[in-house]
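The values are calculated or read from the model by the stated rules, or taken from the named source; none is laboratory data. The structure displayed is predicted, hence computed values, not measured ones. Cβ sites come from the backbone with ideal geometry, for glycine too, and all protein chains shown count toward neighbours.
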Amino acid sequence: MSPSIKKLSVVLIPSESRLWYNDWVEKNAKGTVLDVGKSTWEYDFPTIDTNEKLKPTYHQDICSSNLASDFFDYVLCNGMYEFVEIPQKMVEEVYRILKPGGKAIFGFVGKGYKPYKRNWIFYEEGDIDWGKFKILEKKDFNNYHFIICQK
């Protein structure tokens, strides 16, 4: 069953990276899926976020959740790197909650991306120790980067 993807508010035309990501989600995200962070896009998957006003499924921090280990088939973690204090903890937590063989997609902003919040964290190659993850694919769009990995 494909997820229902809809834009919650029409403000901007989706970027090439957003269109690619939406297509990837539609084609790949099956089984038990967790969407990290609520946004202006709704994917009809359970969500985790620290902002209770966004009404996430799990009102928790992805860097230190009490979600079950080895539970999710897919974790969608697009645009969260810049919102967590220690991105490495987020990556490690995503690994913990993924089932063996499960996949995660991480989306990161690069140095040339225009920040829309203070204390912005930009991703650079080598910033994250991917540890036990197997990197399946890297996709770059100018100042936005995706890494797809498998547990």
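Brief remarks follow.
- Note on segment 121-145: residues that are hydrophobic (A, V, I, L, M, F, W, C) and at pLDDT 95 or above total 3.
- Hits in segment 85-120 - residues which are modelled with pLDDT of 90 or more, assigned to a strand (DSSP E or B) and either within 19 Å of Arg18 (Cα to Cα) or not hydrophobic (A, V, I, L, M, F, W, C) (or both): Lys99, Pro100, Gly101, Gly102, Lys103, Ala104, Ile105, Phe106, Gly107
- Hits in segment 55-101 - residues which are among the hydroxyl-bearing types (Ser, Thr, Tyr) and over 27 Å from Phe141 (Cβ atoms): Thr57, Tyr58, Ser64, Ser65, Ser69
- Segment 121-139, residues that are hydrophobic (A, V, I, L, M, F, W, C) and not in a strand (DSSP E or B): Ile121, Phe122, Ile128, Trp130, Phe133
- If the condition is being assigned to a loop (DSSP other than H, G, I, E, B) and among the basic types (Lys, Arg), then segment 31-77 contributes Lys38, Lys55.
- Tally, over segment 12-29, of residues that are in contact (Cβ under 8 Å) with a residue 12 or more places away in the chain, within 15 Å of the chain's Cα centre (by Cα) and surrounded by fewer than 16 Cβ atoms within 10 Å (Cβ to Cβ): 2
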